[in-house]
Amino acid sequence: KPEPFPEDGVFTLKSLAKFDGVVNPICLGVCGKVVDVSTSENIQAGEGYGKLWAGRDATWSLAMLSLKAEDANTMEYKLSDFTPEQHKALAGWYKHFTTKYTVVGKLQEYEGWDFSSVQEEAKSQTPFGAPKTEGAAEATGDVASPSKAPKTT
């Protein structure tokens, strides 16, 4: 029978490990938050991303764009270690996971960490899979905006 999330919402790396999708819902950690990703089609117990991050903290892996299992639960770093590109990648993933899925708690090991720079940068990120706003599309040149469309007579 699945166990409930911690009543106080505080997970440790050890208690998070139980939420790997085998008996309990699948959760992962990102920037000190614990997110329930059970509804994800891409994160399943024991395979793919689930094998990497289910029941584990993915913060370092997401910033490094690493798909190495040994990079999950990495805690020996500071946010200042990341390049601007890595910081931006982490902000994009943070926005993805915290807007698409339910935040169910926080990770005790990140107590005292300040992720405000990631949260701030995430505000300007487009969540993966979401339609880009017209302004964002114009700025990146990804899509022709209606104003630049050829005129038909």
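Here are some notes:
- Residue check for Leu67: under 12 Å from the mean Cα position of the chain (by Cα) and farther than 22 Å from Asp8 by Cβ: no
- For the range 64-120, the set of residues classified as touching a Phe, Trp or Tyr at 6+ places or on another chain (Cβ under 9 Å), among the β-branched types (Val, Ile, Thr) and over 17 Å from Leu16 (Cβ atoms) consists of Val118 only.
- Search result, residues across the range 25-43 that are open to solvent by less than 30 Å² (accessible area, probe 1.4 Å) and under 21 Å from Tyr77 (Cβ atoms): Leu28, Gly29, Val30, Cys31, Gly32, Val34, Val35
- If the condition is being outside any loop (DSSP other than H, G, I, E, B) and either in contact (Cβ under 8 Å) with a residue 24 or more places away in the chain or in contact with a helix residue (DSSP H, G or I) (Cβ under 6 Å, 6 or more places away or on another chain) (or both), then the range 31-52 contributes Lys33, Val34, Val35, Asp36, Ile43, Gln44, Gly50, Leu52.
- Test for Ser61: is it in a loop (DSSP other than H, G, I, E, B) and either at pLDDT 95 or above or polar (S, T, N, Q) (or both): no
- Test: Lys95 is charged (D, E, K, R), buried (at least 19 other Cβ atoms within 10 Å of the Cβ), in contact (Cβ under 8 Å) with a residue 24 or more places away in the chain and within 22 Å of Ile26 (Cα to Cα): yes
- The residues of the range 10-24 that are open to solvent by 40 Å² or more (accessible area, probe 1.4 Å), under 10 Å from Gln44 (Cα atoms) and outside any strand (DSSP E or B) amount to a single one, Val22.
The values are calculated or read from the model by the stated rules, or taken from the named source; none is laboratory data. Keep in mind that what you see is a predicted model, and the values were worked out from it rather than measured. Neighbour counts run over all protein chains shown; Cβ positions are idealised from the backbone, glycine included. Areas reflect the complete protein model, heavy atoms only, side chains present, ligands, DNA and RNA absent. Shrake-Rupley method; radii C 1.70, N 1.55, O 1.52, S 1.80 Å.
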